[in-house]
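Quick notes on the structure that follows.
The values are calculated or read from the model by the stated rules, or taken from the named source; none is laboratory data. Keep in mind the model is a prediction, meaning the values are calculated, not measured. All Cβ positions, even for glycine, are placed from backbone atoms using ideal geometry, and neighbour counts span all protein chains on display. Note: areas computed on protein heavy atoms with side chains; ligands, DNA, RNA excluded. Shrake-Rupley method; radii C 1.70, N 1.55, O 1.52, S 1.80 Å.
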Amino acid sequence: MQTNHEGLASVHKLGCSMLLGLAIVAIGGCGRAPAPVTAQHKAPVVAPPASPALVTPAELASEPPPAPVQLPHPAIEPLPAITAVPKKKVAAALREARQALNAGRIDERDIDDADVSPASPALPAMANSPTGINALALYRGALATEPKNAAALQGVDTVIAALYARANNDLKHEHVADAQRDADRIGLLRADDAGLPALHEALAKAWTVAGYIERGRRYESVGALIAPRSDNAAAAYRQALKLDANSMGARAGLDRIEGIFIANALSQANSAHYPQAQTTLAEAMHVRGGSPALTEAQASLQAIRLRHAQLLKVQAEAALDAGDIARAAGLQLRIEYAMPHSAIARQMREDIENARLYGRHRPGQVFNDPLRSGGRTPDMVVIPVGRFMMGSANDEAGHDGNESPQRQIVFRHGFAMARTEITVGQFARFVRATGYKTDAERSGHSMVFDERQGKLVSRDDVSWRDDHLGNKAADDLPAIHVSWNDAQAYAIWLSSQSAHLYRLPNEAEYEYALRAGTSSAFPWPGKTPPRDVGNLAGSDPSPTGRRWGDAFAGYSDGYWGTAPVAKFTANAFGLYDMVGNVSEWVQDCWHDSYRRAPEDASAWVNPGCTQRVVRGASWASAPSHARSAWRTWVKVDDSNSQLGFRVVRDL
């Protein structure tokens, strides 16, 4: 084991390897601190390494201490020469001695060179002597004249007691050499004094403690703070504290070393070197096995990591708002690096995954967009991603060949669908803004329900402004008497006004939204529709008392003809009137089966097709048409009183 100062140079290199990155000024040049990480630098995308194993106080206590430095003791100073007090001035000298004691001038050590010694009537020459006027000199001068003077003898006893008190105070403040001088003086005054053995024992321990503290300081000067084992500053200071639990020098040494580790760890954390910072704090456990300061530093390190993660989250959210998912994903990795397995990292992962699927929206969220010309788009509902079997099985009651073959459709990205059919009021805003003329207005007619004949007939001068009977329609009724071309024109207008892509739903989207998680023939369990499911052909009579020949027996919804939108219960996706009220246009061209249909959820469109698909039952549809898989077609420029539309928006 190396114990001499010269031998410390050989442990310098090993000590520095344990303290990579510690401040040079603090450890005497162990090497350069790690380069700071700027805001532009990317943290490495790796999992933080496990922290080094923590040491316990018991493990530290088992580490053999280094040898203490053998500090030189001060030479024994002889008592000053005695100046005898003249016989007639003994009483005055004793008074002056008491005054000196009261003033704290025990012996010559209490006389500062800058002090001005008062004049002494008893010993005028003493004022100008090197020892100055002090109690010990006056009592000894009185005893030189009167050896048995009781007051002088008692005064010497008082001086010795004061020397003991001063020595103990010096030991308390670790001024060992000064305490040694007082002990030596007591020995010269009274070699057999009963208190000397205890004082000598305390001094022996104090010299050993001081030797360990000096050994620690020397190790500090060469950077051997916690390594190598035994030959390091922390081990020396710990041994000093083991001998004297109140040693301020040893405690200050450990505070100083621990402070170096803490300061360096926090600097590393602020530079985003989190694993290094954690390692540095773990190494700080080797100083004394932990402390309140180290616990607080650990909390500060976590606070720094959280603050960095929060700042990165703000940047990632801004990237998501700008549609830059790639940048947000990169920032999310840095959040994971700063705060792995944390709530903030988990939330950011969810936000990014959600953005990939739904943009800046969430499943089930209802929203609308502002229009440049004023007003807002229809309320839209975010439809969750998922999968379903499109079409119907051959053995399903009411099955038609155009509903097969069944195929699984997977929605990997969300979309938003209007909560209701487009209303008369909403379509009117479009017409006012554009001056658009519908196909029915240009052709001069559309199909309405004729009460007298009990069927749909063509009637002149009917347009989107009218209801199923050809009368003026209320604003909250679904817009009917609109062709596929008209519906497409409305969607294009919404897109141009909102800067978002609005369009007609494709056939797969419509059936997925209509089913809303169901897989039965109807979008409800069983054959009979539950109460308040929608505006369907049931037992309600027409205004003239007509009843449907093919209807849901016993079902009553209170309407014959179109009903105001959103009068019935929404489905599981939050959509109204997906079954009943009016059938709806979709994007796809008509094909008489799903053979060769797209494998994904995209629309099946052929250039120039004149027949488009219609989905969903209307207020006048037969029960079999209320099945989720039912489909038919209408020419793109035709319209009638049972057909409307709604829009979707890409996310």
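What the table below lists for this structure:
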{"quantity": "Long-range neighbours under 6 Å by Cβ, at least six apart or interchain, first residue within 17 Å of T208 (Cβ to Cβ) and open to solvent by 40 Å² or more (accessible area, probe 1.4 Å) within the range 65-89, second at pLDDT below 95 and part of a loop (DSSP other than H, G, I, E, B)", "calculated": "none"}
{"quantity": "Search result, residues across the range 481-506 that are part of a helix (DSSP H, G or I) and open to solvent by less than 10 Å² (accessible area, probe 1.4 Å)", "calculated": "D486, A487, Y490, A491, L494"}
{"quantity": "Criterion (open to solvent by less than 20 Å² (accessible area, probe 1.4 Å), over 13 Å from the mean Cα position of the chain (by Cα), acidic (D, E) and at pLDDT below 95) met by exactly one of D351, D369", "calculated": "D351"}
{"quantity": "A299 vs. criteria modelled with pLDDT of 95 or more, buried (at least 18 other Cβ atoms within 10 Å of the Cβ), of a type in the set (A, V, I, L, M) and in a helix (DSSP H, G or I)", "calculated": "no"}
{"quantity": "Count of residues meeting criterion [in contact (Cβ under 8 Å) with a residue 12 or more places away in the chain and either closer than 18 Å to M578 by Cα or open to solvent by 50 Å² or more (accessible area, probe 1.4 Å) (or both)] in the range 372-384", "calculated": "9"}
{"quantity": "Lone unmet requirement of (1) open to solvent by 30 Å² or more (accessible area, probe 1.4 Å); (2) closer than 30 Å to D592 by Cβ; (3) touching a residue at least 24 places away in the same chain (Cβ under 8 Å); (4) small (G, A, S) for G526", "calculated": "(3)"}
{"quantity": "A499, sole failed condition from (1) at pLDDT 95 or above; (2) under 42 Å from the mean Cα position of the chain (by Cα)", "calculated": "(1)"}
{"quantity": "Single residue of A227, A202, A194 found to be modelled with pLDDT of 95 or more and outside any helix (DSSP H, G or I)", "calculated": "A194"}
{"quantity": "Filtered residues of the range 538-555 (kept if without any contact (Cβ under 8 Å) to a residue 60 or more places away in the chain and either among the aliphatic types (A, V, I, L, M) or open to solvent by 70 Å² or more (accessible area, probe 1.4 Å) (or both))", "calculated": "R547, G549, A553, G554"}
{"quantity": "Meets criteria (over 24 Å from G517 (Cα atoms) and surrounded by 16 or more Cβ atoms within 10 Å (Cβ to Cβ)) for A440", "calculated": "yes"}
{"quantity": "For R429: the one exception among (1) assigned to a helix (DSSP H, G or I); (2) over 27 Å from L501 (Cβ atoms); (3) of a type in the set (K, R)", "calculated": "(2)"}
{"quantity": "Leading residue by the ranking (surrounded by the most Cβ atoms within 10 Å (Cβ to Cβ)) among those in the range 137-168 that are touching a Lys or Arg at 6+ places or on another chain (Cβ under 7 Å) and under 18 Å from I111 (Cα atoms)", "calculated": "L163"}
{"quantity": "One residue from L54, L22, L71 being among the hydrophobic types (A, V, I, L, M, F, W, C), farther than 30 Å from A329 by Cβ, at pLDDT 95 or above and in a loop (DSSP other than H, G, I, E, B)", "calculated": "L71"}
{"quantity": "Counted residues, the range 413-450 - those being among the polar types (S, T, N, Q) and touching a strand residue (DSSP E or B) at 6+ places or on another chain (Cβ under 7 Å)", "calculated": "2"}
{"quantity": "Hits in the range 307-330 (condition: open to solvent by 80 Å² or more (accessible area, probe 1.4 Å) and within 16 Å of the chain's Cα centre (by Cα))", "calculated": "R307, Q310, L311, V314"}
{"quantity": "Residue in the range 412-426 that is at pLDDT 95 or above, acidic (D, E) and surrounded by fewer than 17 Cβ atoms within 10 Å (Cβ to Cβ) present", "calculated": "no"}
{"quantity": "Residue check for A224: over 30 Å from H308 (Cα atoms), under 42 Å from the mean Cα position of the chain (by Cα) and surrounded by 18 or more Cβ atoms within 10 Å (Cβ to Cβ)", "calculated": "yes"}
{"quantity": "Residues of the range 253-290 satisfying the condition of being at positive phi and either among the hydroxyl-bearing types (S, T, Y) or surrounded by 21 or more Cβ atoms within 10 Å (Cβ to Cβ) (or both)", "calculated": "A272"}
{"quantity": "From the options R307, R217, residue that is assigned to a helix (DSSP H, G or I), of a type in the set (K, R), closer than 30 Å to L333 by Cα and free of Cβ contacts under 8 Å to residues at least 60 places away in the same chain", "calculated": "R307"}
{"quantity": "Residue count, the range 227-243 (criterion: in contact with a Lys or Arg (Cβ under 8 Å, 6 or more places away or on another chain) and surrounded by fewer than 23 Cβ atoms within 10 Å (Cβ to Cβ))", "calculated": "2"}
